[in-house]
Amino acid sequence: MEKTYEDIKIICKDCGKEFIFEAGQQRHFDSLGFQNKPVRCKDCRDKKKAERNNYNANNQTDYQE
Ligand SMILES: [Zn+2]
């Protein structure tokens with residue numbers, strides 16, 4: 001039986017803003033086997049990702065996208 005998903009609201013751990021964890025994303029999460037809901041909004045996740053990319057760029061000179 002197909003599981004049904006509904007958009008849910010989550011408070012971002014980093015900025016405290018409310019964001020929507022969309023049904024489609026939940027399905028995607030499930031298909032990847034993730035058990036946990038996201039804790040950060042997209043903005044904060046993008047920021048984290050950018051920081052990580054910066055870190056890599058600074059520490060791996062041969063790093064290329
Ligand atoms: Zn946030």
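No value in this document is a laboratory result; all are computed from the given coordinates. Since this is a predicted model, take the numbers as computed values, not measurements. Every residue, glycine among them, receives a Cβ derived from its backbone with ideal geometry; neighbour counts consider all protein chains shown.
Structure notes:
- Residues 15, 44 arranged by fewest to most Cβ contacts within 10 Å: 15, 44
- Expected 222 nm ellipticity per residue - DSSP helices of 4 or more, -39500 (n - 2.57), all of the chain, to 500: -14000 deg cm²/dmol
- Restricting the GluC sites (Glu not before Pro) of region 4-58 to loop positions (DSSP other than H, G, I, E, B) with no more than 13 neighbouring Cβ atoms within 10 Å leaves 6, 22.
- Extension gain for residue 49 to residue 36 (0.36 nm times residue separation, less C-alpha to C-alpha distance): 2.8 nm.
- Length-normalised contact order for the chain - Cα pairs under 8 Å, 6+ apart - percent: 26 percent
- Rounded to the nearest 20 debye, the dipole magnitude of the chain is 240 debye, with +1 charges on Lys and Arg beta carbons, -1 on Asp and Glu beta carbons, and the Cα centre as origin.
- Simple label model, 7 Å out from Cα along Cβ direction - residue 57 to residue 8, nm: 3.6 nm
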